[in-house]
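*Asks:* Sharing a structure here in structure tokens format.
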Amino acid sequence: MALRARRAGANGLDAWPGYVDALSTLLMVVMFVLLVFVLAQALESVVLAKRNDQLIATNQTLTLERERNARLNQNVTAGDVGRRR
């Protein structure tokens, strides 16, 4: 009885540990979500950097092939002109 009376007579601070637990749990959840987003952003950055490097290499190869094609077309055209004369 005395224990119950003392609890009932407490000055309203019995709810305080519950609020602290709820806020600390919320803070941990927010920190975890932020951690997941940061890791996902880092992974995406690495993947996009690799993709960008591959795209640059492909564009260089395409440029070389276009130049080669233009030279071959000039050779063919020059050969056709020489034959027509």
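FYI, it's all coordinate maths here, none of it is from the lab. On a predicted model such as this, the values are computed, not experimentally measured, just so you know. So basically every Cβ, Gly included, is an ideal-geometry build from the backbone, and we count neighbours across all protein chains shown.
*Asks:* Describe numerically, in nm with one decimal, the distance between label points set 7 Å from Cα along Cα→Cβ at VAL76 and at ALA57.
*Replies:* Output for this residue pair reads 3.0 nm.
*Asks:* Taking 7 Å along the Cα-to-C-beta vector as the label spot, tell me the LEU35-GLU65 distance in nanometres, rounded to one decimal.
*Replies:* Roughly 4.6 nm, to one decimal.
*Asks:* Using only the alpha-carbon atoms, what does segment 21-81 span along each of its principal axes? Please give whole angstrom values in decreasing order.
*Replies:* Dimensions of segment 21-81 along the principal axes of its Cα atoms: 88, 11, 6 Å.
*Asks:* If you don't mind, there's one more thing I want to ask. Which FRET efficiency value, to the nearest 0.05, do you get for LEU23 and VAL46 by plugging their Cβ-Cβ distance into 1/(1 + (r/R0)^6) with R0 = 25 Å?
*Replies:* Working: r = 35 Å, r/R0 = 1.40.
Between LEU23 and VAL46 the formula returns 0.10.
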